[in-house]
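The values are calculated or read from the model by the stated rules, or taken from the named source; none is laboratory data. Since we're looking at a predicted model, the values are computed, not measured. Positions of Cβ are generated from backbone atoms using ideal geometry, with glycine treated the same way; all protein chains shown enter the neighbour counts.
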Amino acid sequence: MKKLFCSVRRILAVAVIGYALLVGYLYAAQRSLIYPAPSSAPDIADYGLTGFNTVIYETSDGLSLTGWYKPARAGKPTLVIFHGNGGDLAQRSVFGRYMTEAGYGVLLTSYRGYPPNPGQPNEAGLYADAAAALAYLNKAGVPNKNVIVFGASLGSGPATELAHQMAASGKPARLLFLEVPFTELAAPAAEAYWYVPVGHLLLDEYNNIGKIASINAPLCIMAAGNDTVVPNTQALALYAAAQEPKSITIIPGVRHNEVLRDNPLHFKTALDCMEGRQP
């Protein structure tokens, strides 16, 4: 009996040490997991972006970031687009081209640490990157009232923060559009890493749910009906907390990344919401 007790104790000790090492690794590696930046920069020439130009804008902490920009036709607003965590400048290029064909301006952005941009990504940094993108548009003659802030997946974090700051300045955005958004980063992280205390480990929060009610701009949300990465209950919670006017579309049968892929039907649904047509 004593031998059995000692064996069980050793097994438990090994299990505890192994779990502690796993938690320690996830804590140390979390930003590489949250921000899996591609290894190389996309080439604008590969994406058929007629009329787009490569632009450079500066962040408040001195980084030079690259964007792809095409101005709007007269009387049309401009989208500033923030991509998902595994994306890059080109991730929403087909959608961007679709919107410019409808007359909209588009600034495709990417984050610090995502090639070709310098720096290391983190929450505060991505917020600074988003503010720099808006400042570039303002300097290019696009006022806040003509800016549509568009964030996809992880991009819902900097997009919501930017719209929040615009509202706080008294110059709100024309519209905030969120694709497959989360309430806060801990929510999807807890789905993926249910076996660790994610809420106590995360360095970056992206507390969208805490900001959404303060944004006095129209809101469009697009979510996936079969989303196992960010369950659409999170999109519904953001929708419930937001001010009117607001609209939500849950696309039946699709998964998280399918919403982020190029799909003309999804593009049309997004455009309809931006132009106030019911989906």
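Test THR269 against the stated conditions and say whether it is of a type in the set (Ser, Thr, Tyr) and within 18 Å of the chain's Cα centre (by Cα). Answer is no for this residue. Taken over the range 100-114, the residue count meeting the criterion of being under 28 Å from ARG31 (Cα atoms), assigned to a loop (DSSP other than H, G, I, E, B) and not hydroxyl-bearing (Ser, Thr, Tyr) is 2. Inclusion of LYS246 among residues that are over 21 Å from GLY157 (Cα atoms) and without any contact (Cβ under 8 Å) to a residue 60 or more places away in the chain is not warranted. In the range 43-74, the residue that is surrounded by the most Cβ atoms within 10 Å (Cβ to Cβ) out of those that are at pLDDT 95 or above and of a type in the set (Gly, Ala, Ser) is GLY67.
With the requirement that a residue be buried (at least 18 other Cβ atoms within 10 Å of the Cβ) and under 17 Å from VAL94 (Cα atoms), what does the range 223-266 give you? Hits for the range 223-266 are VAL259, LEU260, HIS266.
If you go through the range 97-120 one residue at a time, how many are more than 28 Å from GLY75 (Cα to Cα) and either surrounded by fewer than 18 Cβ atoms within 10 Å (Cβ to Cβ) or over 13 Å from the mean Cα position of the chain (by Cα) (or both)? Residues that pass the stated criteria total 9. Please verify whether ALA190 is more than 16 Å from the chain's Cα centre (by Cα) and either part of a helix (DSSP H, G or I) or at pLDDT 95 or above (or both), treating the condition exactly as stated. Criteria met by ALA190. Put simply, of VAL196, VAL142 the only residue that is at pLDDT 95 or above and either of a type outside the set (Phe, Trp, Tyr) or assigned to a loop (DSSP other than H, G, I, E, B) (or both) is VAL142.
For the range 213-268, the candidate set comprises residues that are hydrophobic (A, V, I, L, M, F, W, C) and part of a loop (DSSP other than H, G, I, E, B); within that set, the residue that is nearest to VAL147 (Cα to Cα) is ALA217. Is at least one residue of the range 154-164 β-branched (Val, Ile, Thr), in a helix (DSSP H, G or I) and without any contact (Cβ under 8 Å) to a residue 60 or more places away in the chain? Yes: one or more hits.
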